[in-house]
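K.L.:
The structure follows.
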Amino acid sequence: MISIKIAKIFEDLADMLEIKGENPFRIRAYRKAARNIRTLTNELEKFADEGRLDQIPGIGEGMKEKIYEILDTGRLQFYEELKSEIPPSLVKLLSVPGIGPKLAKKFYDELNIRDIEQLEKMAKEHHLAGLPGIKEKTEQNILKGIEMLKKGLERMNLGIALPIANEIVDQLSKLPEVKRISTAGSLRRRKETIGDIDILTTSSNSKKVMDTFINLQLVERVLVCGDTKSSIITYDGIHVDLRVVEPESYGSALAYFTGSKAHNIRIREIAMKNNLKINEYGVFDEKTGMKIAGENEEEIYQILNLPFIASELREDMGEIEAAKENRLPTLVKLSQIKGDLHVHTTWSDGGNSIEEMLKTSQEMGYKYLAICDHSQSLKVAGGLSEDKLLEQIEKIKELNSKYKDFDILAGSEVDIKADGSLDYPDELMKKLDIVVAAIHTRFRRSRYEMTKRIIKAIQNPHVNILAHPTGRLLGVRDAYEVDLDEILKVAKINKIALEINAFPERLDLNDINCRKAKEYGVMISINTDSHITNQLDYMALGVSVARRGWLEPKNIINTKPIEQIIKFLKS
Ligand SMILES: [Zn+2]
Ligand SMILES: [Zn+2]
């Protein structure tokens, strides 16, 4: 978990250097390195031990030395020095949407604003608007930004929390004293943002388990350490609770702590009608007080005459009714995904070559991969000129002849322009196996304009998938306003799949919109939008969104064999 600590330090460094007004190139290098280190989770030390740190994209000589320094000493001199120059609370201002380093520095220099609380106060008292270049509108936007940030701070993205939770579970599972262990809470239900991490375990030696837990490398602070419950805060500021429960209550405790509250209330009501009482300790006969079940979660549903309800569905959003009528969906599983239809490479802004992306995909057991680098007008993301794309298509043809039992699709993530036209001419898109269309610029248009723009794009006969359909970035940018019903109708007619973009900040479409797409009979493609090989693992996040959206394998194109994919792409 040291990788998370190092990533955090590099992210802070980038922010601090930005406030100092340093070379943007250097700042970007820190951010890129941080992003790639973060996805390595527990592999970083292995890379270091084997002297292979420079194989991580974005890690040059200087970064390498800094990583070794942190691994060896637990701290970084350069970071400590910068901290004395630029207060960390000032760096936090940059997390307010709309505040860049220049503005943060201005507020610091002119008004001595050092943290978000002071900033909010000054904005409310209209002290900001007096500064040169700052209008009243800016002040309002800053207050809005702080509001949004507060929401984001209360909850963190699943993509950040899940690897940390998995790592803790992994570490604790290594103890022979730990018998059963699972995450619980909103994380186990795979909500897109979660408040804190809950972990549940049974053990013959609770003291040993708790000791190990509070001494994990990722722990920054211990809040409580008890026999049955301990709480810690990680380097990332994430609150983690660990509970040790009796083996005979493990199932009922797991159901209780998984929630949701609304789901549990419905379950308890059904129990009461059957003269049963359910709590975190078990299922009891109401008259005799005898315990009937509790060791396993499945028993609880069995006793109530219900099929098992997957944790992702437990929101009281119709799952109880569906269970009673035996029409729960057979949810898609990660193991059923046969390929990724939207990844980037070094040809545009990715960090790995086509060959490296292929190798990892094959190791994951995939049967196909679509290379979809950015299109020409997206210059900031290294979009491919028409000639470059033609060259890439040739390269992929050549590679395809070398791979047996694996298909590489030549594709592109083609930008949808403001008027709904596409960033490559039709003759060129015709040469591609797959076209993923997406909006990357000019979001601030009316609902009517955005809907019209997207509909025009997906009516182009060469487009196959609409990527990140609502454009939201969790905690950063709300979805743009669109009439999704209209888009789904057109998608259905034109046989366009909508994407679940599995990138942690996106998870777009979200669960609710997935259910809607299913109702319209529109196919979904779960894609990671990976920019380096490690990100291919984001597929698990995408699948969790699909499961929360009640999707079955038949609703998802990339559960299908390549022959059917090709048929779909040609239709
Ligand atoms: Zn994109
Ligand atoms: Zn992309």
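K.L.:
From E499, E505, grab the single residue that is within 16 Å of ligand 2 (Cβ to nearest atom), among the acidic types (D, E), crowded, with 24+ Cβ neighbours inside 10 Å and under 23 Å from T345 (Cβ atoms). Reasoning before the result, please.
P.N.:
Details: E505 fails: crowded, with 24+ Cβ neighbours inside 10 Å.
Only one candidate qualifies: E499.
K.L.:
For a quick check of your reading of the model, give me the residue pairs whose first member lies in region 489-508 and is more than 19 Å from K570 (Cβ to Cβ), whose second is more than 12 Å from ligand 1 (Cβ to nearest atom) and among the aromatic types (F, W, Y), with beta-carbon atoms closer than 7 Å and at least 6 apart or on different chains.
P.N.:
These pairs meet every condition: K489/Y520; A502/Y538; F503/Y538; P504/Y538.
K.L.:
Tell me, please, whether a residue that is among the polar types (S, T, N, Q) and not in a loop (DSSP other than H, G, I, E, B) can be found in region 495-502. Step through it out loud before you land on a result.
P.N.:
First, the residues of region 495-502 that are among the polar types (S, T, N, Q): 501.
Restricting the remaining residues to those that are not in a loop (DSSP other than H, G, I, E, B) gives 501.
Yes, region 495-502 contains a residue that is among the polar types (S, T, N, Q) and not in a loop (DSSP other than H, G, I, E, B).
K.L.:
Take E481 and decide whether it is outside any helix (DSSP H, G or I), at pLDDT below 95 and away from ligand 1 (no atom under 16 Å from the Cβ). Let's see the steps before the verdict.
P.N.:
Details: outside any helix (DSSP H, G or I): yes; at pLDDT below 95: yes; away from ligand 1 (no atom under 16 Å from the Cβ): yes.
Taking the combined requirement at face value, the residue satisfies it.
K.L.:
Of all the residues that make up region 273-290, how many are over 38 Å from the mean Cα position of the chain (by Cα) and in a loop (DSSP other than H, G, I, E, B)? If you could, list the steps in order and put the result at the bottom.
P.N.:
First, pick out the residues of region 273-290 that are over 38 Å from the mean Cα position of the chain (by Cα): 273-276, 284-290.
Next, from what is left, pick out any that are in a loop (DSSP other than H, G, I, E, B): 274-275, 286-290.
Of the residues in region 273-290, 7 are over 38 Å from the mean Cα position of the chain (by Cα) and in a loop (DSSP other than H, G, I, E, B).
K.L.:
Next question, about the same structure. Can you name the residue in region 430-473 that is touching a residue at least 40 places away in the same chain (Cβ under 8 Å), under 17 Å from L488 (Cβ atoms) and not hydrophobic (A, V, I, L, M, F, W, C) and is also nearest to ligand 2 (Cβ to nearest atom) among such residues?
P.N.:
Only one residue fits best here, namely H468.
K.L.:
Moving on to the next point. From the set of residues in region 341-365 that are within 21 Å of the chain's Cα centre (by Cα) and over 16 Å from A381 (Cα atoms), which is nearest to ligand 1 (Cβ to nearest atom)?
P.N.:
At the first step, the residues of region 341-365 found to be within 21 Å of the chain's Cα centre (by Cα) are 341-345, 349-352, 357, 360-361, 364.
Then keep just the ones that are over 16 Å from A381 (Cα atoms); that gives 341, 357, 360-361, 364.
Values: L341: 13, M357: 16, T360: 20, S361: 19, M364: 22 Å.
Among them, the one singled out is L341.
K.L.:
Determine the pairs where a residue that is in the same structural domain as S377 (by TED's automatic domain parsing) and within 13 Å of K452 (Cβ to Cβ), located within region 409-420, has a partner that is more than 13 Å from ligand 2 (Cβ to nearest atom) and assigned to a strand (DSSP E or B) with Cβ atoms under 8 Å apart, the partner being 6 or more residues away or on another chain.
P.N.:
Matching pairs, first to second residue: I416/L422.
K.L.:
For region 55-67, check the following and say yes or no: at least one residue is within 27 Å of A165 (Cβ to Cβ) and in a helix (DSSP H, G or I).
P.N.:
Our first condition is that a residue be within 27 Å of A165 (Cβ to Cβ); within region 55-67, this holds for 56-59, 67.
Now restrict to residues that are in a helix (DSSP H, G or I): 67.
Yes.
K.L.:
Then there is this: Mind telling me which of the residues G226, G237 ends up being over 30 Å from the mean Cα position of the chain (by Cα) and surrounded by fewer than 20 Cβ atoms within 10 Å (Cβ to Cβ)?
P.N.:
G226
K.L.:
Report, by residue number, each residue of region 442-489 that is crowded, with 16+ Cβ neighbours inside 10 Å and β-branched (V, I, T).
P.N.:
Hits for region 442-489 are T451, I454, I455, I458, V463, I465, T470, V482, I487.
K.L.:
Can you confirm whether V545 is buried (at least 24 other Cβ atoms within 10 Å of the Cβ), part of a helix (DSSP H, G or I) and away from ligand 1 (no atom under 16 Å from the Cβ)? So that I can check it myself, show each step before the final result.
P.N.:
Details: buried (at least 24 other Cβ atoms within 10 Å of the Cβ): yes; part of a helix (DSSP H, G or I): yes; away from ligand 1 (no atom under 16 Å from the Cβ): yes.
Yes; evaluated as a whole, the condition is true for this residue.
K.L.:
Restricting region 297-322 to residues that are polar (S, T, N, Q) and surrounded by fewer than 17 Cβ atoms within 10 Å (Cβ to Cβ), which is farthest from the chain's Cα centre (by Cα)? Full working, then the answer.
P.N.:
The initial filter retains those residues of region 297-322 that are polar (S, T, N, Q), namely 302, 305, 311.
Narrowing further to those that are surrounded by fewer than 17 Cβ atoms within 10 Å (Cβ to Cβ): 302, 305.
Numbers: Q302: 33, N305: 35 Å.
Checked region 297-322; the qualifying residue farthest from the chain's Cα centre (by Cα) is N305.
K.L.:
Only one residue in I67, I2 is on the phi < 0 side of the Ramachandran plot, hydrophobic (A, V, I, L, M, F, W, C) and at pLDDT below 90, so which one is that?
P.N.:
Values: I67 fails: at pLDDT below 90.
Answer to the check: I2.
K.L.:
Please go through (1) small (G, A, S); (2) in a loop (DSSP other than H, G, I, E, B); (3) at pLDDT 95 or above for G471 and return the number of the only condition it doesn't satisfy.
P.N.:
(3)
K.L.:
Would you check which residues across region 277-294 are surrounded by fewer than 18 Cβ atoms within 10 Å (Cβ to Cβ) and either closer than 22 Å to I181 by Cα or not basic (K, R) (or both) and list them?
P.N.:
Once the filter is applied, which keeps residues that are surrounded by fewer than 18 Cβ atoms within 10 Å (Cβ to Cβ) and either closer than 22 Å to I181 by Cα or not basic (K, R) (or both), region 277-294 yields N279, E280, Y281, D285, E286, T288, G289, M290, I292.
K.L.:
Could you check V380 against (1) in contact (Cβ under 8 Å) with a residue 60 or more places away in the chain; (2) within 14 Å of ligand 1 (Cβ to nearest atom); (3) assigned to a helix (DSSP H, G or I) and say which number it fails?
P.N.:
Unmet condition: (1).
The values are calculated or read from the model by the stated rules, or taken from the named source; none is laboratory data. Everything quoted here is computed from the prediction, not taken from an experiment. So basically every Cβ, Gly included, is an ideal-geometry build from the backbone, and we count neighbours across all protein chains shown.
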